[in-house]
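First the structure, in the form of structure tokens, and then the observations on it.
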Amino acid sequence: MSATTETMIRARGLRKQYGDVVALDGLDLDVERGTVLGLLGPNGAGKTTCVRILATLLDPDGGTAEIAGIDVRVDPDGVRRRLGLSGQYAAVDEYLTGFENLVMVGRLYGFPRRRARERADELLARFDLSDAAHRPSKTYSGGMRRRLDLAGALVAHPDVLVLDEPTTGLDPRSRLEMWDVIRELVQGGTTLLLTTQYLEEADVLADHIVVIDHGHAIARGTADELKREIGGERVELVVTHAVDVARAHRVLEDVCDGDVRADAIGRRITANAESGPQTLMEVLRRVDAEAIALDDVGLRRPTLDDVFLALTGHDTSDDAPDPDGELLVGTTDAAGATEAGAIGHRHEEVTS
Ligand SMILES: Nc1ncnc2c1ncn2[C@@H]1O[C@H](COP(=O)(O)OP(=O)(O)OP(=O)(O)O)[C@@H](O)[C@H]1O
Ligand SMILES: [Mg+2]
């Protein structure tokens, strides 16, 4: 990385506890200007807690966070001037129209009335909401609300944007539209932290991914590094008759290299598909030759559950404690040199 990189979001040892629940347990984050960090984790991992601390809505119990070099605790107003937030639950007043919502945000930022109206019109046009501008936003679809919420986060031209699960609950088409909007923002130079429960989303949008569980990072790297670590696509068979699970298991063991998983109740067997479609075809030839009846067959991209299983040995719903330490799948050291693909366990790291 060049000497001109500038860390726009920086967190060190963030901790937050609610009663007995440790929501954040020493989280470190770095997001360089103009890049996208995907914070990936299951329900309750601590994503929203982290987002709220970065956005000055919540005080950490320990650690520090800086936005564009401004400490969130020392100068929260300064942080708010630089940062736009779009929350997990859209902060839209549903009795106001889309236009009124955005004008209100502009006024809260101290824009004169006329400037607030101009900015609202600009953003409504940009997010394809002009036709619905003067309808109460309670008549908006879920996708339209998320776009309006994101527009609200952009009113004051922030150069750092934090999006908490921007596409959760959206249908596939609205999700793709939201991805386009986000990519456009990033091309315009915005620095972005987004949280998500979808590996695919982090893969598409993020330059770097931090996987968190129980409030701390369990892996970090680029999407490619993570996928290399957890394996790529998987071939998945669902056999018609439970008695065939063992035979199908043997077929996958023969064709694929290891890591065959069987769910006997669901009659589902999966394995790494090293060569993608070629692996699938070879599996199908063998299944056919052995006359194993199938209900379903296909190639599947890794999901968050696959990531968790590979990294922690348990799935996202399992509450088993994590191994301490963190898997580094490609890391940037203090001097800025990238050590792609390096894998090792890291314990508490002190960075000045
Ligand atoms: N206000 C609160 N009071 C008590 N516990 C809380 C509070 N907010 C969060 N928690 C707990 O802290 C942990 C982290 O919650 P957080 O909302 O940050 O997770 P998340 O990763 O955003 O989850 P999700 O994917 O469901 O949005 C959870 O165990 C949650 O129950
Ligand atoms: Mg959340």
Notebook entry, point to check: Which residues, taken from segment 185-205, are within 16 Å of ligand 1 (Cβ to nearest atom), hydrophobic (A, V, I, L, M, F, W, C) and under 25 Å from A68 (Cβ atoms)?
Noted result: L193, L194, A202
Note to self: Is it the case, given these coordinates, that A65 is within 16 Å of ligand 1 (Cβ to nearest atom), touching a helix residue (DSSP H, G or I) at 6+ places or on another chain (Cβ under 9 Å) and at pLDDT 95 or above?
What the structure shows: yes
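Which of the residues that make up segment 5-24 are within 16 Å of ligand 2 (Cβ to nearest atom) and of a type outside the set (S, T, Y)? It would help to see each step written out before you state the result.
In the first step, residues of segment 5-24 are kept if they are within 16 Å of ligand 2 (Cβ to nearest atom); the result is 14, 16, 18, 21-24.
Selection gives L14, K16, V21, V22, A23, L24.
Being over 30 Å from G142 (Cβ atoms), away from ligand 1 (no atom under 14 Å from the Cβ) and touching a Leu at 6+ places or on another chain (Cβ under 8 Å), is that true of even one residue in segment 47-62? Working first, answer last.
Residues of segment 47-62 that are over 30 Å from G142 (Cβ atoms), as a first pass: 59-62.
In the following step, the residues that additionally are away from ligand 1 (no atom under 14 Å from the Cβ) were identified as 62.
The next check asks that each one be touching a Leu at 6+ places or on another chain (Cβ under 8 Å); those that pass are 62.
Among the residues of segment 47-62, at least one is over 30 Å from G142 (Cβ atoms), away from ligand 1 (no atom under 14 Å from the Cβ) and touching a Leu at 6+ places or on another chain (Cβ under 8 Å), which makes the answer yes.
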Checklist line | Criterion: in contact with a Ser or Thr (Cβ under 9 Å, 6 or more places away or on another chain), among the charged types (D, E, K, R) and loosely packed, with under 15 Cβ neighbours inside 10 Å - qualifying residue of D263, D254, D213, D180 | finding: D263
Item checked: Residue within segment 94-107 that is under 16 Å from L154 (Cα atoms), more than 16 Å from ligand 1 (Cβ to nearest atom) and surrounded by fewer than 15 Cβ atoms within 10 Å (Cβ to Cβ) present -> no
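Out of the helices (runs of 4 or more DSSP H) lying entirely within segment 163-256, which hold 3 or more residues that are out of contact with any helix residue (DSSP H, G or I) (no Cβ under 8 Å at 6 or more places or on another chain) and more than 23 Å from R52 (Cα to Cα)?
Values: elements: 172-187, 199-205, 223-230, 245-255.
Once the helices (runs of 4 or more DSSP H) in segment 163-256 are filtered for at least 3 residues that are out of contact with any helix residue (DSSP H, G or I) (no Cβ under 8 Å at 6 or more places or on another chain) and more than 23 Å from R52 (Cα to Cα), what remains is 172-187, 223-230, 245-255.
If a residue counts only when it is within 28 Å of T303 (Cα to Cα), which strands (runs of 3 or more DSSP E) contained entirely in segment 8-67 have at least 2 such residues? Before the answer, list the steps.
Numbers: elements: 21-32, 36-40, 62-67.
The qualifying strands (runs of 3 or more DSSP E) are 21-32, 36-40.
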Notebook entry, point to check: Restricting segment 35-76 to residues that are farther than 19 Å from V211 by Cβ and within 16 Å of ligand 2 (Cβ to nearest atom), which is surrounded by the most Cβ atoms within 10 Å (Cβ to Cβ)?
Noted result: A55
Next item on the list: Find all pairs meeting these conditions: Cβ atoms under 8 angstrom apart; at least six residues apart or on different chains; first residue within segment 150-178 and within 13 Å of Y198 (Cβ to Cβ) and more than 16 Å from ligand 2 (Cβ to nearest atom); second residue assigned to a helix (DSSP H, G or I) and among the basic types (K, R).
Entry: M178/R146; M178/R147
Checklist line | Filter result (surrounded by fewer than 19 Cβ atoms within 10 Å (Cβ to Cβ) and either over 23 Å from L205 (Cα atoms) or within 16 Å of ligand 1 (Cβ to nearest atom) (or both)) within segment 157-168 | finding: T168
Next item on the list: Scan (1) of a type outside the set (S, T, Y); (2) within 16 Å of ligand 1 (Cβ to nearest atom); (3) over 27 Å from the mean Cα position of the chain (by Cα) for the single condition D131 breaks and write down its number.
Entry: (2)
Check: So E100 fits all but one of (1) touching a Ser or Thr at 6+ places or on another chain (Cβ under 9 Å); (2) closer than 30 Å to Y140 by Cα; (3) at pLDDT 95 or above; (4) within 13 Å of ligand 2 (Cβ to nearest atom); what number is the exception?
Finding: (4)
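Criterion first (more than 29 Å from G46 (Cα to Cα) and surrounded by 20 or more Cβ atoms within 10 Å (Cβ to Cβ)) does L148 satisfy it? Give the steps one after another, and end with the answer.
Details: more than 29 Å from G46 (Cα to Cα): no; surrounded by 20 or more Cβ atoms within 10 Å (Cβ to Cβ): yes.
No.
The values are calculated or read from the model by the stated rules, or taken from the named source; none is laboratory data. What you are looking at is a predicted structure, and each value in this text was computed from that prediction instead of being measured. So basically every Cβ, Gly included, is an ideal-geometry build from the backbone, and we count neighbours across all protein chains shown.
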